[in-house]
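Colleague: One structure, pasted below without further comment.
The values are calculated or read from the model by the stated rules, or taken from the named source; none is laboratory data. Just so it is clear, the structure is predicted and the values come from calculations on it, not from any experiment. Neighbour counts run over all protein chains shown; Cβ positions are idealised from the backbone, glycine included.
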Amino acid sequence: MLVNHIQVAYVLQITPLEAKFMLAPHIERIREMVIPGKKGLDECARLVRKTDVVESLLLNIRFRHPSPELDGKGRIAYTIEKLKEAPLSLKKKIADDPGCLKSGKISGKFRALNSILEEESIKEIREILRQRGGYIDRKDTAMSQKKRRRAS
């Protein structure tokens, strides 16, 4: 399964920069930029783009689990497959997130789901967010409501 640095960061719960460092050695364009003694891999890793994808098995991140079903499976690919199978399993967490509620779409720490989930699932989650509160205009935030009450 091909993955980008945003998906790796979300699944492994690491920062996007750490994920870029993990992917950089496996991207041909980045390997060509590395000049021994002058330009190291750490300098070039920052040049990883959102469109750069790597096979998840190359990262060699596997489950070490007593269950024979999980032991040895690729952790990144398995997690992404499970998210695609049950896209609405995170809907309560997304709907309770103030950043997602305010923007009316999947955002913040859940932003990586936009590249993992299918378009139909994303539309369903957006609809749930709109029903729960939807896009909150800057004028309607709690602070501005307090100011309006004081003024009147």
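Colleague: Looking at region 40-73, which of the residues that are in contact with a strand residue (DSSP E or B) (Cβ under 6 Å, 6 or more places away or on another chain) and among the hydrophobic types (A, V, I, L, M, F, W, C) is surrounded by the most Cβ atoms within 10 Å (Cβ to Cβ)?
Modeller: Looking at residues that are in contact with a strand residue (DSSP E or B) (Cβ under 6 Å, 6 or more places away or on another chain) and among the hydrophobic types (A, V, I, L, M, F, W, C), I get 53.
Colleague: Please determine whether any residue of region 74-90 is surrounded by 18 or more Cβ atoms within 10 Å (Cβ to Cβ), aliphatic (A, V, I, L, M) and over 30 Å from residue 128 (Cα atoms).
Modeller: no
Colleague: Can I ask one more? Kindly indicate whether any position in region 117-132 is surrounded by fewer than 18 Cβ atoms within 10 Å (Cβ to Cβ), modelled with pLDDT of 85 or more and assigned to a loop (DSSP other than H, G, I, E, B).
Modeller: yes
Colleague: Could you look through region 41-65, keep only residues that are out of contact with any Lys or Arg (no Cβ under 9 Å at 6 or more places or on another chain) and modelled with pLDDT under 85, and pick out the one that is farthest from residue 4 (Cα to Cα)?
Modeller: 64
Colleague: Separate question: On the basis of being assigned by TED's automatic domain parsing to the domain that holds residue 132 and either free of Cβ contacts under 8 Å to residues at least 12 places away in the same chain or of a type in the set (Lys, Arg) (or both), does residue 28 make the cut?
Modeller: no
Colleague: Also, quick follow-up: Looking only at region 91-102, filter to residues that are hydrophobic (A, V, I, L, M, F, W, C) and over 17 Å from residue 10 (Cβ atoms); which one of those is surrounded by the fewest Cβ atoms within 10 Å (Cβ to Cβ)?
Modeller: Restricting to residues being hydrophobic (A, V, I, L, M, F, W, C) and over 17 Å from residue 10 (Cβ atoms), the top hit is 95.
Colleague: Suppose the filter is part of a helix (DSSP H, G or I), modelled with pLDDT of 90 or more and on the phi < 0 side of the Ramachandran plot; does residue 80 pass it?
Modeller: yes
Colleague: Looking at this structure, is residue 4 of a type in the set (S, T, N, Q), crowded, with 19+ Cβ neighbours inside 10 Å and either out of contact with any strand residue (DSSP E or B) (no Cβ under 6 Å at 6 or more places or on another chain) or without any contact (Cβ under 8 Å) to a residue 12 or more places away in the chain (or both)?
Modeller: So residue 4 passes the test.
Colleague: Let me ask another. Here's a check for you: in region 18-40, which residue that is of a type outside the set (Lys, Arg) and assigned to a loop (DSSP other than H, G, I, E, B) is modelled with the highest pLDDT?
Modeller: Only one residue tops the list, namely 27.
Colleague: What are the pairs with Cβ atoms under 6 angstrom where one residue, in region 95-112, is assigned by TED's automatic domain parsing to the domain that holds residue 129 and assigned to a loop (DSSP other than H, G, I, E, B) and the other, located anywhere, is modelled with pLDDT of 90 or more and of a type in the set (S, T, N, Q)? Sequence gap at least six, or different chains.
Modeller: 106/114; 112/7
Colleague: Read through the list (1) part of a loop (DSSP other than H, G, I, E, B); (2) loosely packed, with under 12 Cβ neighbours inside 10 Å, then give the number of the only condition that residue 14 fails.
Modeller: So the condition that residue 14 fails would be (2).
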